1. What pairs come out if I take residues in region B:448-466 that are in a helix (DSSP H, G or I) and pair them with residues that are buried (at least 16 other Cβ atoms within 10 Å of the Cβ) and among the acidic types (Asp, Glu) whose C-beta lies under 6 Å away, six or more apart or interchain?
2. Restricting region B:479-499 to residues that are in contact with a Lys or Arg (Cβ under 8 Å, 6 or more places away or on another chain) and surrounded by 15 or more Cβ atoms within 10 Å (Cβ to Cβ), which is nearest to residue B:190 (Cα to Cα)?
3. Is it the case that region A:66-85 has a residue that's more than 14 Å from chain B (Cβ to nearest Cβ), in contact with a Pro (Cβ under 9 Å, 6 or more places away or on another chain), touching a residue at least 12 places away in the same chain (Cβ under 8 Å) and under 24 Å from residue A:199 (Cα atoms)?
4. Restricting attention to region B:174-220, which residues are surrounded by 20 or more Cβ atoms within 10 Å (Cβ to Cβ), assigned to a strand (DSSP E or B) and among the aliphatic types (A, V, I, L, M)?
5. What residue, of A:25, A:64, A:53, A:79, is of a type outside the set (A, V, I, L, M) and under 23 Å from residue B:624 (Cα atoms)?
6. What pairs come up if the first residue lies in region B:305-332 and is within 18 Å of residue B:146 (Cα to Cα) and surrounded by fewer than 21 Cβ atoms within 10 Å (Cβ to Cβ), the second is of a type in the set (D, E, K, R) and at pLDDT below 95, and their beta carbons are under 6 Å apart, counting only those six or more places apart or on different chains?
7. Tell me, please, whether a residue that is assigned to a strand (DSSP E or B) and under 18 Å from residue A:126 (Cβ atoms) can be found in region A:178-197.
8. Checking the structure you have, find out if any residue of region A:2-10 is out of contact with any Leu (no Cβ under 9 Å at 6 or more places or on another chain) and surrounded by fewer than 21 Cβ atoms within 10 Å (Cβ to Cβ).
Amino acid sequence: MKVMVAVKRVVDYAVKIRVKPDKSGVETSNVKMSMNPFCEIALEEALRIREAGAAAEVVAVSVGPAQCVDTLRTALAMGADRAVHVDAGAAPVLPLSVAKILKALVQVEKPGLLILGKQAIDDDCNQTGQMVAGLLRWPQGTFASKVVLDKEKQVATVEREVDGGIETLSLDLPAVITTDLRLNQPRYATLPNIMKAKSKVIKKVTPAELNVELKPDLEVVQVTEPPKRKAGVIVSSVDELIDKLKNEARIL
Amino acid sequence: MYRSALSGVTSKSRRPLRCPFFSPFRAETPIISSVSPSPGLESRLPIPSNRFSSFRDPPSRASFAPSICFPDWSPGLRRRVVSRTRGLCGGSGDRETLEYDVVIVGAGPAGLSAAIRLKQMCLKRNADLSVCVLEKGPEVGAHIISGNVFEPRALDELIPQWRHEGAPIEVPVSSDKFWLLTENHSLQLPSPFDNKGNYVISLSQLVRWMATKAEEVGVEIYPGFAASEILYDENDRVIGVATNDMGVAKDGSKRETFQRRVTLLAEGCRGSLSEKMIRAHKLREKVQGQHQTYALGIKEVWEIEEGKHKPGSVLHTIGWPLDMKTYGGSFLYHMSNRQIAIGLVIALNYRNPYLNPYDEFQKFKHHPAIKPLLMGGTVLEYGARTLNEGGFQSIPYSVFPGGAIIGCSAGFLDVPKIKGTHTAMKSGMLAGEAAFRTLVEGATMETYWDNLKKSWIWEDLKRARNYRPAFKYGLIPGLTFSALERYVFRGRLPLTLKHGKPDHEATDIASLHAPIQYLKPDGQISFDVPTSLYRSNTNHEHDQPAHLHLRDSTVPELVNLPLYAGPESRYCPARVYEYTPDENHGLKLHINAQNCLHCKACDIKDPKQNIEWTVPEGGGGPGYTIM
């Protein structure tokens with residue numbers, strides 16, 4: 001069975017971001033980029049599934065500009081067998097477009113399991129996994145905190161973190177799983193693997209070749225920083241507090 | 001927690017991949033592992049300090065695996081393959097040995113220049129040498145911070161076509177001012193610098209560009225890998241470095257070793273391995289060199305309002321806020337994109353233990369001549385680093401058996417020019433050439449030292465040697481002498497002034513000084529340390545042993561605190577060291593190693609030299625992009 005993992009290249013989690021002066025977005029030039037942390041967890045889970053013997057191959061895919069190749073090389077260094085880069089140009093690609101591309105790739109690669117991170121840390125959309133599952137009409141187990149694969153019965157048992165607690169689902173393969181934080185701790189790529197990954201071939205595809213039309217249906221109008229916190233005021237008595245709440249903050 | 005360790009550009013090297021050489025570890029028994037005509041090599045690895053407690057655990061493997069190595073034999077080149085390794089930290093995990101002809105520690109201007117020069121010579125002479133550069137930062141350029149007014153002299157020699165290859169060197173110096181500041185006024189003095197033909201750059205950006213150039217010629221660069229130990233053979237010859245691999249918590253350690261025939265240490269000022277080398281081989285004594293002296297530079301990059309920005313404008317100041325006995329000054333350079341670099345450099349031989357360099361910098365920004373420029377602007381990045389000021393008198397003998405020390409690790413900064421990038425690059429180039437001659441023509445690395453002495457580095461540093469030591473007599477005598485040096489003597493005086501006491505011995509005891517009251521940060525011009533630290537993008541994996549070691553853990557409470565009022569809690573620009581009340585109502589030193597900016601000030605300034613800076617897990621530390 002083949003496992004496909006979708007990874008995204010995002011601004012590194014430790015970087016302090018700032019808004020571009022023209023408010024069109026977040027400053028991403030000269031900023032450190034790396035693989036989305038949830039995608040790393042997804043890749044780690046796929047590698048563990050392969051190491052447990054339930055899968056034969058792990059394929060990493062990424063949709064984005066040319067620099068995505070670096071993220072895919074990290075994926076190869078961590079242990080993925082193959083990588084596919086879908087070059088969608090420099091403009092950011094929205095979740096629905098990514099979902100359509102992944103659907104087309106799934107129809108080419110025919111994996112038994114598609115694993116993604118639950119959301120990307122740059123847009124926090126939490127949409128791609130669910131959309132892909134809908135387009136493919138595959139079962140989905142999102143926010144997975146535990147995944148157990150049964151190879152013979154071709155069933156995945158997924159424990160999901162939901163608001164009320166943990167929900168256990170049983171999914172017939174092929175299925176889509178999106179990973180949450182507590183699923184695993186991703187491994188570090190060792191230097192010999194990084195060296196080997198540098199020379200591996202990454203297959204490059206364009207959306208046109210997959211018969212997917214990228215039509216952005218959302219336009220970002222403005223990005224602003226949240227308003228700065230105002231200093232607090234120390235009041236001297238309860239009466240003053242009530243007065244302020246009534247007359248200044250107008251919430252009483 | 002999450003880290004990817006890949007440099008940004010695909011390598012175009014056509015060198016065939018070697019099969020990594022694996023050997024499990026036992027403390028006593030060697031493994032013969034390859035059929036090499038050259039004599040077997042036994043590597044004696046230094047005993048690890050107890051931070052890697054894994055070696056005391058019983059090894060997890062019961063038997064040896066046969067080790068296979070497929071050497072790549074190129075005719076004409078003697079490849080010495082490691083055939084026996086004797087373990088030191090037996091214990092969990094394999095140790096993988098990776099072989100290169102040259103390994104360079106540090107992907108800074110010196111390290112990358114050496115790599116590029118070496119590969120250029122290989123291409124010209126049709127030789128094939130494998131070059132690997134290890135960098136402890138998460139990516140190339142992440143640990144690079146400098147003023148920087150760049151003199152392109154060395155780059156012109158290294159990559160003559162840099163102007164047409166997209167080098168991020170675009171802002172020529174347009175004006176060059178020098179002010180003496182008092183608390184409320186500024187007095188313009190004639191500029192002692194000659195910056196015509198120089199450029200205002202971000203060194204971090206330049207180094208990133210150099211890394212792409214290096215990879216184009218086939219250099220392999222590995223960011224996120226910190227070289228933590230030097231490996232020796234039985235003749236005390238350096239044959240490798242071992243990296244601290246990541247992902248292992250305080251209870252286990254997996255390491256990788258790099259074997260090669262030439263090692264170049266390019267770790268920057270006060271490099272941890274370089275200092276060990278200099279001490280072990282007495283490299284300063286060999287040439288009657290003096291101790292190195294240092295300064296701490298604290299810098300911010302601001303984005304200022306459009307009308308105030310003058311690209312290429314260069315300003316240096318001396319005087320306020322520092323007193324007459326403390327050497328130092330500020331810099332303010334206008335880069336492109338409305339960005340300015342502003343910083344304060346304070347020599348670390350300051351006397352008052354209550355001096356807080358970070359707070360002095362915040363104070364400086366409030367000067368009436370500086371503040372208007374910053375009003376309405378935002379800080380983009382913050383960082384700090386020590387730099388060498390010893391100059392000519394402090395250069396150690398830079399060659400050791402098995403390699404050499406290049407760049408600021410040896411110390412080639414030209415103090416009166418306040419520039420060290422061009423000399424670092426030139427030293428790297430000379431070492432690259434010497435390494436080539438050593439590996440291909442059978443010369444030795446001593447050629448590096450000989451060529452160093454014949455190069456313009458030597459000439460420039462010799463001419464500049466007396467400026468800094470003159471300041472040990474105070475600000476006015478220093479300035480007077482500097483003027484005489486610059487216009488009259490020009491370095492031709494037959495004497496060489498000596499440095500004063502080493503920086504750590506220069507600190508007076510606290511009772512001789514009064515605490516300095518610093519103003520609280522206003523959040524617009526001046527900021528508190530946590531805010532600044534956030535802007536440095538500093539991060540370390542928290543679950544690792546602290547990389548700052550106290551040689552004697554009782555010294556802080558017994559010596560530093562009572563005698564010197566705990567100076568480390570003041571000079572550290574990242575607030576790593578804090579004295580917090582403990583349960584006995586005393587004060588105890590608390591080390592927040594995760595904040596560390598890798599500036600090395602503590603290693604230099606601690607009065608009893610009790611603090612040892614060692615390299616933490618690779619991939620941590622600051623994340624400078626435009627510094």
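The values are calculated or read from the model by the stated rules, or taken from the named source; none is laboratory data. Nothing here was measured: the structure is a model prediction, and the numbers come from that model. Note that each Cβ is placed from the backbone with ideal geometry, even for glycine, and that neighbours are counted across all protein chains shown.
1. B:460/B:414
2. B:491
3. First, pick out the residues of region A:66-85 that are more than 14 Å from chain B (Cβ to nearest Cβ): A:81-82, A:84.
Keeping just the survivors that are in contact with a Pro (Cβ under 9 Å, 6 or more places away or on another chain) gives none.
No, region A:66-85 contains no residue that is more than 14 Å from chain B (Cβ to nearest Cβ), in contact with a Pro (Cβ under 9 Å, 6 or more places away or on another chain), touching a residue at least 12 places away in the same chain (Cβ under 8 Å) and under 24 Å from residue A:199 (Cα atoms).
4. Selection gives B:181, B:200.
5. Values: A:64 fails: under 23 Å from residue B:624 (Cα atoms); A:53 fails: under 23 Å from residue B:624 (Cα atoms); A:79 fails: under 23 Å from residue B:624 (Cα atoms).
The conditions single out A:25.
6. Filtered contacts from region B:305-332: no entries.
7. Restricting attention to region A:178-197, the residues satisfying the condition of being assigned to a strand (DSSP E or B) are A:178-179.
When the remaining residues are screened for being under 18 Å from residue A:126 (Cβ atoms), the result is A:178-179.
The answer is yes, given that some residue of region A:178-197 is assigned to a strand (DSSP E or B) and under 18 Å from residue A:126 (Cβ atoms).
8. Looking for residues that are out of contact with any Leu (no Cβ under 9 Å at 6 or more places or on another chain) and surrounded by fewer than 21 Cβ atoms within 10 Å (Cβ to Cβ), one finds none in region A:2-10, hence no.
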